[in-house]
1. Place a +1 charge on the Cβ of each Lys and Arg in the chain and a -1 charge on the Cβ of each Asp and Glu, then give the dipole magnitude about the Cα centre in debye, rounded to the nearest 20.
2. Along Cα→Cβ, 7 Å out, is where each label goes; now give me the distance between the ones at M1 and A62 in nm to one decimal.
3. Roughly what % of Cα-Cα distances in the chain sit above 21 Å, to the whole percent?
4. Sort 8-17, 52-61, 35-44 by packing, meaning the average of other beta carbons within 10 Å per residue, with the highest value first.
5. Give me T4, T19 sorted ascending by neighbouring Cβ count inside 10 Å, so fewest comes first.
6. Calculate the spin-label point distance for L55 paired with E43, positioning each point 7 Å from the Cα along the beta-carbon direction, and give it in nanometres.
7. Please list, in order along the range 43-53, the HN-Hα scalar couplings obtained from phi with the Karplus expression 6.51 cos²θ - 1.76 cosθ + 1.60 (θ = phi - 60°), rounded to whole Hz, x for Gly and Pro.
Amino acid sequence: MRYTIRIDQDRCRGESICTAIVPDNFVMSASGKAEVNRNTIGEEEYAKHREASRLCPYYAIALQAQE
C-alpha cells in the first residue's frame, strides 16, 4: 500500500519534531515550516511517518492511504 503525506501549512508552527523523526523526508523551509521531499511513501516507511504525525503538537501532518 502507498500513502500520501500532507502538511497543513496553516497549522505547522515549525517545532521540527517531524524532521527529527524522519530527517530524510521532512525538512524545514526558509519560512520555518515543515515540508516533505517525497509526498508519497510505501508501507515500509509508514510507521516512522505515522509517529511523526502522531507527535506533531499542532496536528499538521496527515497520512492518507491511496486506493
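1. 160
2. 1.7
3. Roughly 13 percent, rounded to a whole number.
4. The most tightly packed comes first, giving 52-61, 8-17, 35-44.
5. Ranking T4, T19 by Cβ neighbours within 10 Å, fewest first, gives T4, T19.
6. Going from the E43 label point to the L55 one covers 2.5 nm.
7. Running phi through 6.51 cos²θ - 1.76 cosθ + 1.60 with θ = phi - 60° gives 4, 5, 9, 4, 4, 6, 5, 5, 4, 4, 5 Hz.
None of the figures in this text is laboratory data; all of them are computed from the coordinates on show. Quick caveat, the model's predicted, so the values are computed rather than measured. Every residue, glycine as well, gets a Cβ built from its backbone with ideal geometry; the counts of neighbours run over all protein chains shown.
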